[in-house]
Amino acid sequence: MAILTIDQGTTGTTCLVVDGDCTVLGRGYAELPQHFPRPGWVEHEPEEIWASVVAAAEQAVVAGGVEPEALSITNQRETTLLWERSSGRPVDRAIVWQDRRTAGRCAELPVDLIRARTGLVPDPYFSATKLEWLLRERDPDGLAFGTVDTWLVWKLTGGRVHATDETNASRTLLCSLETLDWDAELLALFGVPHELLPEIRPSGAAFGEGELLGRTLPIRGIAGDQQAALFAAGGAKATFGTGAFVLAETDAPAPAGLLRTAAARLEAERPRRALEGAVFVAGAALQWLRDGLGVIADAAESEALAESVPDTGGVYFVPALAGLGSPHWRPDVRGAVTGITRGTTRAHIVRAALEAAAYQVADVLAEMPPLELLRVDGGMTRNRWLVQFLADLVVLPVETAREPEQTALGAALLGLGERRASPVGERFEPQDDVSELYAGWREALARTIRA
């Protein structure tokens, strides 16, 4: 069975045609413009989101050379859209998850209630205050709200289906994590009429018949991007990109520094939850070394540089600690590079930046229940030195994914109705004791936070 998977992201849409063995038969990509009307505001045009899906899907189907038999969707989470039910016309631009315009409103919200009910914290990152902002001068009668998955289902079904899945609903601040349904008290808090909201279904449910590229295809499987990647990984995963997202499926309560969220499930399975921690600076550190300082020509150079020195020479790279859901989250801490001496070289700095990505992920994992295995994906995992260092640091086997597009593969597996891990690329076993290096990181981190 071939599935056309839509992976709608913040800067573009990737579409894959995937067979039952998780082999990618065809792929396509279309960029998505972002709009920045004011400082701190980030928006998308809803029709540009849809156009990017159509363009990427056409490329993937042509490249795949087979007729897909179903559709699945994974998407950027929390981005908020509002449109007219009668016409399907958006009433405004989508407010993107990165947007910070509602920070003042979030500071007024009851932290304990929201954390207890949703597993999250009041932050502009999530959907509720974005929706509240879109509704502030509008009559909600006749309107429909959705995150990106809901918008795509509406477009695909011609407005016949207004639905979302549990993972996306759990990121809105409007959904009870206990019941996985809209919460009346939270709706009243944000002034959101129930009639605006989509139906919530399990991630592996059927979502109607969709029309795309002249084909009628069943929509099977929807999940937010991080939960889709978790479904493809199995029990726990870390995605290394500009930042790093660490998720582990568990019913354990969330410690103070982490978030609790819904995990993707097949329709016949019991509800599932996960702990999530976010690191905002991982690959971004290498981008800064490349673009800001000119220390490296490209990210690929970092592996050879890290291997060229036996250690960092006592240098530690501590990024700005602004990761929501990180145990070290601090909104006002600037980054630091500590331990520099006359003998420090660019290789030491680059290795310290790579180590910092691993240290931060290890700090998140330390707050989670013990694991037996960690799956990793994302662009930084092409760096074999980094993955081996991570395995040494967390003292766990670490597996890379054979296919980089794990979010899309997770959605495809949901569409296939199969709970199994996607194919493994390479396995790294712990080799060296790096506990002293980790202790040095913790000391450098403490000094930075105190400064």
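The values are calculated or read from the model by the stated rules, or taken from the named source; none is laboratory data. Because the structure is a prediction, the values reported are computed rather than measured. Here the Cβ is made from the backbone with ideal geometry for all residues, glycine too, and neighbour counts use every protein chain on show. Note: accessible area is taken over every heavy atom of the protein model, side chains too, but ligands, DNA and RNA are not part of it. Shrake-Rupley method; radii C 1.70, N 1.55, O 1.52, S 1.80 Å.
Around Ala297, with a cut-off of 15 angstrom between Cβ atoms, what is the net charge of the other residues, counting Lys and Arg +1 and Asp and Glu -1?
Values: positive: Arg290, Arg346; negative: Asp291, Asp298, Glu301, Glu303.
After counting each charged neighbour, the total is -2.
Whole-Hz ³J(HN,Hα) for each residue in segment 383-389, computed from phi via Karplus 6.51 cos²θ - 1.76 cosθ + 1.60 with θ = phi - 60°, x for glycine and proline: what do you get?
My calculation for segment 383-389 gives 7, 5, 4, 4, 5, 5, 4 Hz in order.
Which cross-chain or sequence-distant (5 or more) residues have an amide H under 5 Å from the amide H of Gly26, H modelled 1.01 Å from N in plane?
Long-range HN contacts for Gly26: Val17.
Taking a probe of 1.4 Å, how large is the accessible area per residue of the chain, in Å²? If you can, show how the numbers build up before the last one.
Working: 17360 Å² over 451 residues.
Value returned for the chain: 38 Å² of accessible area per residue.
Place the peptides 405-417, 142-154, 199-211, 362-374 in order of packing, highest mean first, counting for every residue the other Cβ atoms within 10 Å and averaging per peptide. Kindly include the intermediate steps, with their values, before the conclusion.
Details: 405-417: 28.2, 142-154: 25.1, 199-211: 20.4, 362-374: 17.1.
Result, highest mean first: 405-417, 142-154, 199-211, 362-374.
State to the nearest 20 debye the size of the charge dipole of segment 58-98 about its Cα centre, where the only charges are +1 on K and R beta carbons and -1 on D and E beta carbons. All intermediate terms of the calculation are to be shown ahead of the outcome.
On the way: 4 positive and 6 negative charges, 50 e Å.
Here segment 58-98 has a charge dipole of around 240 debye.
For Arg419, Arg215, give me the order by solvent-accessible area with a 1.4 Å probe, most accessible first, ignoring ligands, DNA and RNA. Let's see the in-between values first.
On the way: Arg419 85, Arg215 55 Å².
So, going from the largest accessible area down, we get Arg419, Arg215.
For Leu373 paired with Leu113, estimate the spin-label separation in nm (one decimal), with each label point 7 Å from Cα along the Cα-to-Cβ line.
Going by the 7 Å Cα→Cβ label model, 4.4 nm.
How much of the accessible area of the chain, probe 1.4 Å, is carbon plus sulfur, in whole percent? Don't jump to the answer; show the numbers that get you there.
On the way: 8750 of 17360 Å².
Looking at the chain in its full context, I get 50 percent from C and S.
When only the heavy atoms of the protein chains count and the probe is 1.4 Å, how do Met380, Met1 rank by accessible area, highest first?
Details: Met380 20, Met1 85 Å².
Ranking Met380, Met1 by accessible area, largest first, yields Met1, Met380.
Can you give the angle from 0 to 90° between the axis of helix 346-366 and the longest principal axis of the chain, with both taken from C-alpha atoms, to the nearest 10?
Long axis of 346-366 versus the principal axis of the chain: about 60 degrees.
Please give the Cα centre distance for segment 58-126 versus segment 208-268, rounded to the nearest Å.
14
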